[in-house]
Amino acid sequence: MTAVACHNLEFGRTMLDFLACGCSSNASFDRFSVRNYAKGAVRNPNRGYKARKLLSFQPEIGPRTKTSGALLKGVTADTPQVLDLKKESRSPASLTNLFEVVAEDLQTLNKNLQSIVGAENPVLMSAAEQIFGAGGKRMRPALVFLVSRATAEIVGLKELTKEHRRLAEIIEMIHTASLIHDDVLDESDMRRGKETVHQLYGTRVAVLAGDFMFAQSSWYLANLENLEVIKLISQVIKDFASGEIKQASSLFDCDVQLEEYLIKSYYKTASLIAASTKGASIFSGVDSCISEQMYQYGKNFGLSFQIVDDVLDFTQSAEQLGKPAGSDLANGNLTAPVIFALKKEARLRDIIESEFCDTGSLEEAIEIVKRCGGIQRAQDLAREKSNIAIQNLQCLPPSSFRLVLEELVKYNLERIK
Ligand code: FPP
Ligand code: MG
């Protein structure tokens, strides 16, 4: 396996770059926020939008292992399943129902998470209640359990190992830490229907709680003593920061290309999901070709998941979203529906570049995105990624766990049906 370099040193360098660009200081956590810098620029319409291009990145996306050109061991001859949302007619699922097959694993995980975070620190003990309390979907650890069990069957492993379980905990800790930091950056008061950590305890506690969880997850990760998994997961933490900076540095940039959007979506969302599914298969000890397919499944599902989220930002009400509809666009975060619509309608560029300074211009932009097929094309893209994700599962033997992994992909698409 050739892993993309991802050492702690590099993570450190990312943070140093972050500090060097003047976005952070001990005196004010607000200045930590690149995105707030950009938001400040939004509030100041005299500042040119090009000024937000803080940093540029070399696109670097894709598998962390060389894809074997050889036929996959264990790949079945099934005809690739192609999803057609209009033809699919199934009873409405819920994540709880879907995850029934790993419900006990998730219960154990919930118990462990509470004690891991709070054990050493009374402030965090109280924040942990908010952080890991009910409300989280636990989609990422569920994916770890599903892939762990689906791949364990291949090698005749009867029960999950403690490494599988610890991986699920690490993944959820990293995910939660990223959301705590994200809510600080986005100044969001509510998440999962509850007040955010920074709203309840202040920015300092929120930043430190996130830092603590990143650090704690790194400690547990190191103790797994599996270099391949350590590299895989530490790269994810770096990707998170890269994704956030990439997003902040391209706000209101109407020249943003679909490929760049997909890279950013990979960094922000798909990277952790891909690491969850690949890491789980590594701990089952399966062939590296199967691990690679699990990585691809996670990546394609993760991209589809993010595209669907971005479509919902246009199609759901503020009540359903728990935040104002169209807020990505309002904040200058140009997602797939907008990128497609920009190719069709020149006026959209003018409105976006004016940063919605005229009353009613945001509503007009949303209308244009809907009218000229931006939503439809984004849905098609999500479907395309989903189809590939389902094909990636074909290396697994049929099992209830593989079935749920497929159903999850379909469930995601049904959110925009
Ligand atoms: C949600 O995005 C945010 C993420 C998926 C990733 C957040 C990552 C960071 C803040 C970087 C973490 C920092 C370090 C040091 C590694 P969103 O705001 O688009 O979605 P939302 O609606 O759920 O808030
Ligand atoms: Mg956010």
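The values are calculated or read from the model by the stated rules, or taken from the named source; none is laboratory data. On a predicted model such as this, the values are computed, not experimentally measured, just so you know. Heads up, the Cβs are rebuilt from the backbone with ideal geometry, glycines too, and the neighbour counts pull from every protein chain shown.
With among the hydroxyl-bearing types (S, T, Y), away from ligand 1 (no atom under 14 Å from the Cβ), more than 17 Å from the chain's Cα centre (by Cα) and over 22 Å from I390 (Cβ atoms) as the only criterion, which of S291, S317, S284 stands out?
Values: S291 fails: over 22 Å from I390 (Cβ atoms); S284 fails: over 22 Å from I390 (Cβ atoms).
Matching residue, one of S291, S317, S284: S317.
Among the residues of segment 164-190, which ones are at pLDDT below 95, over 17 Å from the mean Cα position of the chain (by Cα) and more than 10 Å from ligand 2 (Cβ to nearest atom)?
D189, M190
Taking segment 186-204, which residues are surrounded by fewer than 18 Cβ atoms within 10 Å (Cβ to Cβ) and of a type in the set (A, V, I, L, M, F, W, C)?
Result: M190, L200.
Quickly run through segment 191-202 and pick out the residues that are more than 15 Å from ligand 2 (Cβ to nearest atom) and not small (G, A, S).
L200, Y201
Can you name the helices (runs of 4 or more DSSP H) wholly within segment 310-417 that have at least 3 residues being among the hydrophobic types (A, V, I, L, M, F, W, C)?
By residue number, 336-342, 346-353, 361-371, 374-392, 400-414.
Can you find, within segment 151-163, the residue that is modelled with the lowest pLDDT among those that are out of contact with any Lys or Arg (no Cβ under 8 Å at 6 or more places or on another chain) and not acidic (D, E)?
In this case the residue turns out to be K158.
Conditions (1) in contact with a Pro (Cβ under 9 Å, 6 or more places away or on another chain); (2) within 20 Å of T269 (Cα to Cα), marked per residue:
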| site | (1), (2) |
| --- | --- |
| A168 | yes, yes |
| L179 | no, yes |
| K194 | no, no |
| A222 | no, no |
| E225 | no, no |
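Please work out if S148 is surrounded by 21 or more Cβ atoms within 10 Å (Cβ to Cβ), at pLDDT 90 or above, away from ligand 2 (no atom under 15 Å from the Cβ) and not in a loop (DSSP other than H, G, I, E, B). Don't jump to the end; show me each part of the working.
Working: surrounded by 21 or more Cβ atoms within 10 Å (Cβ to Cβ): yes; at pLDDT 90 or above: yes; away from ligand 2 (no atom under 15 Å from the Cβ): yes; not in a loop (DSSP other than H, G, I, E, B): yes.
Considered against the rule, which asks whether it is surrounded by 21 or more Cβ atoms within 10 Å (Cβ to Cβ), at pLDDT 90 or above, away from ligand 2 (no atom under 15 Å from the Cβ) and not in a loop (DSSP other than H, G, I, E, B), S148 comes out as yes.
Collect the residues in segment 233-251 that are of a type in the set (A, V, I, L, M, F, W, C) and either under 15 Å from the mean Cα position of the chain (by Cα) or surrounded by fewer than 22 Cβ atoms within 10 Å (Cβ to Cβ) (or both), keeping them in residue-number order.
Those that are of a type in the set (A, V, I, L, M, F, W, C) and either under 15 Å from the mean Cα position of the chain (by Cα) or surrounded by fewer than 22 Cβ atoms within 10 Å (Cβ to Cβ) (or both): I233, V236, I237, F240, A241, I245.
Can you tell me which residue among K299, K370 is surrounded by 21 or more Cβ atoms within 10 Å (Cβ to Cβ) and modelled with pLDDT of 95 or more? It would help to see each step written out before you state the result.
Details: K370 fails: surrounded by 21 or more Cβ atoms within 10 Å (Cβ to Cβ).
Step by step, each of K299, K370 is checked, and only K299 is surrounded by 21 or more Cβ atoms within 10 Å (Cβ to Cβ) and modelled with pLDDT of 95 or more.
Which one of these does A346 not meet: (1) closer than 15 Å to F252 by Cα; (2) of a type in the set (A, V, I, L, M); (3) surrounded by fewer than 19 Cβ atoms within 10 Å (Cβ to Cβ); (4) in contact (Cβ under 8 Å) with a residue 40 or more places away in the chain?
Condition (4) is where A346 drops out.
Would you be able to say whether some residue in segment 250-265 is in a helix (DSSP H, G or I) and over 30 Å from I351 (Cα atoms)? Steps first, please.
Residues of segment 250-265 in a helix (DSSP H, G or I): 258-265.
Filter once more, keeping what is over 30 Å from I351 (Cα atoms): none.
Scanning segment 250-265, I find no residue that is in a helix (DSSP H, G or I) and over 30 Å from I351 (Cα atoms), so the answer is no.
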